[in-house]
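Notes to accompany the following structure.
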């Protein structure tokens, strides 16, 4: 008689589920052709992975390449699997895990609308100055701030603006690049 408690509930080893999840940013250089983005997004959807942020743009018209920057969340095993699956795609030229690369830079742009008057208005301007946010539109009742930085910086700014009259936030999604002279 075999001990059924020692066997996993599935043919797949689920031991990694106890590990904490973390965010990861992948920069993927792909051929700029129809359907590539659909295949990348389909890879995530088919496996039940969530995309936290997605940006795409052509990077070299002559080489017909685009850069897709994807922020996702998962256990170390899941993130390794995502990276491996991205690398296997026919249209993929290069995959970089920006999160683990000490030379990787991540930035995001946000537009933040804040309503306020009196003390709240003055405080919103003071906080925006500390964060180096630029006022790009103003009325008697509101401001629109432009803020660039790491996603955590934008999160902190938004959290501070909430009690001061936060109305709306629009974010570009994470962009990434590598320090130094090397080409990705």
- Output the residue which, of all residues in region 69-91 that are in contact with a helix residue (DSSP H, G or I) (Cβ under 6 Å, 6 or more places away or on another chain) and not in a helix (DSSP H, G or I), is surrounded by the most Cβ atoms within 10 Å (Cβ to Cβ). 91
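Restricting attention to region 118-127, does a residue exist that is outside the structural domain of residue 55 (by TED's automatic domain parsing) and under 29 Å from residue 21 (Cα atoms)? Break it down into steps so the answer makes sense when it comes.
The first filter runs over region 118-127 and keeps only residues outside the structural domain of residue 55 (by TED's automatic domain parsing), leaving 118-127.
Those left that are additionally under 29 Å from residue 21 (Cα atoms): none.
For region 118-127, residues outside the structural domain of residue 55 (by TED's automatic domain parsing) and under 29 Å from residue 21 (Cα atoms): absent.
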- Task: Among the numbered conditions (1) modelled with pLDDT under 95; (2) part of a strand (DSSP E or B); (3) touching a helix residue (DSSP H, G or I) at 6+ places or on another chain (Cβ under 9 Å), tell me where residue 49 comes up short.
- Result: (2)
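Kindly establish whether residue 74 is farther than 29 Å from residue 148 by Cα and free of Cβ contacts under 8 Å to residues at least 60 places away in the same chain.
Details: farther than 29 Å from residue 148 by Cα: no; free of Cβ contacts under 8 Å to residues at least 60 places away in the same chain: yes.
In short, no.
The values are calculated or read from the model by the stated rules, or taken from the named source; none is laboratory data. Keep in mind that this is a model prediction, so the values were computed, not measured. Heads up, the Cβs are rebuilt from the backbone with ideal geometry, glycines too, and the neighbour counts pull from every protein chain shown.
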